[in-house]
1. Going by a ≥ b ≥ c, the root eigenvalues of the Cα gyration tensor, does region 63-152 fall in the rounded group (a/c under 1.5), the prolate group (a/b larger than b/c) or the oblate group?
2. Leaving out same-chain residues fewer than 8 places away, which aspartates and glutamates sit with a Cα under 20 Å from that of residue 140?
3. Put +1 on the Cβ of each Lys and Arg and -1 on the Cβ of each Asp and Glu in the chain; which of 33, 118, 48 then has its Cα farthest toward the positive end of the dipole?
4. Pop the C-beta distance of residue 212 and residue 326 into the FRET formula with R0 = 41 Å and round what comes out to the nearest 0.05.
5. In Å and whole numbers, how far do the C-alpha atoms of region 1-147 stretch along each principal axis, longest first?
6. Given the options 182, 257, 82, which has the most mean-square fluctuation in a GNM of the chain, springs set between C-alpha atoms less than 10 angstrom apart?
7. From zero up to wherever the largest Cα-Cα distance of region 123-219 sits, split into 10 Å bins and tell me the percent of pairs in each.
8. Excluding residues fewer than 8 places away in the same chain, name every one of the aspartates and glutamates whose C-alpha is closer than 15 Å to that of residue 39.
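The values are calculated or read from the model by the stated rules, or taken from the named source; none is laboratory data. Note that this is a predicted model, so its numbers are computed, not measured. Here the Cβ is made from the backbone with ideal geometry for all residues, glycine too, and neighbour counts use every protein chain on show. Please note that ligands, DNA and RNA were not included when accessible areas were found on the heavy atoms of the full protein model with its side chains. Shrake-Rupley method; radii C 1.70, N 1.55, O 1.52, S 1.80 Å.
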Amino acid sequence: MQFKDVIGQKEAKELITKSVREGRIPHAQLYWGGEGVGKLALALATVQYINCEHPTDTDSCGECESCRLIAKLSHPDVHFVFPIVKTGSKNAFCDEFMPHWRDLVLHSPYFNMHEWMQEINNNGKVGTIYTTESEAIARKLSLKSLKARFKTVIIWLPELMQEEGANKLLKLLEEPPEGTLFLLVSEQPERMLGTIASRTQSLHIKSIDVEDLGKVFPANVARLSGGNYVKARELVEARSNATEMTSRYRNLMLSAFRKDLVALRDIAENAAKSREECLEFLKYAARITRETFIANLCNPQLCYSTDSEAAFIEKFKKFVDVTNIEQITEHITQASLDIERNANIKITVFDMGLQLFTLINNKR
């Protein structure tokens, strides 16, 4: 991955390449930002640039042996850590999932947790970075570098690391082996162990500029995505899925409006079939709720909804205003957080719906 392959992010690229040219390469760095902004792509480009045999001022050459190996994710001194799921009682390590990781990243480094879990067929389990992975990292870094300038560990979503493993990683960051580089790629750095975040150099990766994203996707899709490549791709490839999400959201809000406990029970039971799909729906529900509130401002430039979403929003917007938007969003977000922490999906969604009953009906 070269910087020229990373969509937009001009400011971040300039900061990274300048620090490398000047020889200021912190041994632990944290790239953080929202979904689909290109954090992992930037991390891969950074590692390739640092280890390139013939770099320019702005990019790696893409042709030397180091560049070719890193581009294929097969460099012996570049290691990856990411959330996985155990298939039995024995310990599981990221290396066992590398073929899946390599396939997904080489297809596109722009993906989210839901897509990764589908790639490894997680059977509804929540991905975790297990404590044993920190021990594996320590073993790998204790070995002599074979080819690279730095032995590198890229950790994708470090916020999902078990606490004991995070503490072991902290010791590595405090006393790093010579010639090592840690690149942490996070979407929720506030969930990381605070002492880990404090020992990294933090770089906020902002949403992709709409103009840059518009070079890859249609202009209206780039605008609707809010600078999120994953969302833009979903809008292009899965309009039918967006329509289904809109239908599910409409059914949820109608059950709240009608105080229909039977309908809410059915919604909760359906949500319980897949943890990842439920989390995707709740993320969608939070977004459409915000879009519904914004629709009351009557400014089309502020609206980021599709035609099918806009049709429902127009009818529903009078039920979402300054008196309840914060509480509705809070309940949806809290439900999502609880489910991420392995709460019972059916009970959590049903309880969220009950909270919406009062908030929606107060506007009748």
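1. Because a/c hits 1.5 or more and a/b fails to exceed b/c, region 63-152 counts as oblate.
2. 77, 95, 96, 164, 174, 175, 178
3. The residue sitting most towards the positive pole is 118.
4. FRET efficiency, residue 212 to residue 326: 0.80.
5. 49, 35, 25
6. Fluctuation is largest for 257.
7. 14, 39, 26, 16, 5
8. Answer for residue 39, where 15 Å is the Cα cut-off: 5, 11, 14, 159, 187, 209, listed by chain and number.
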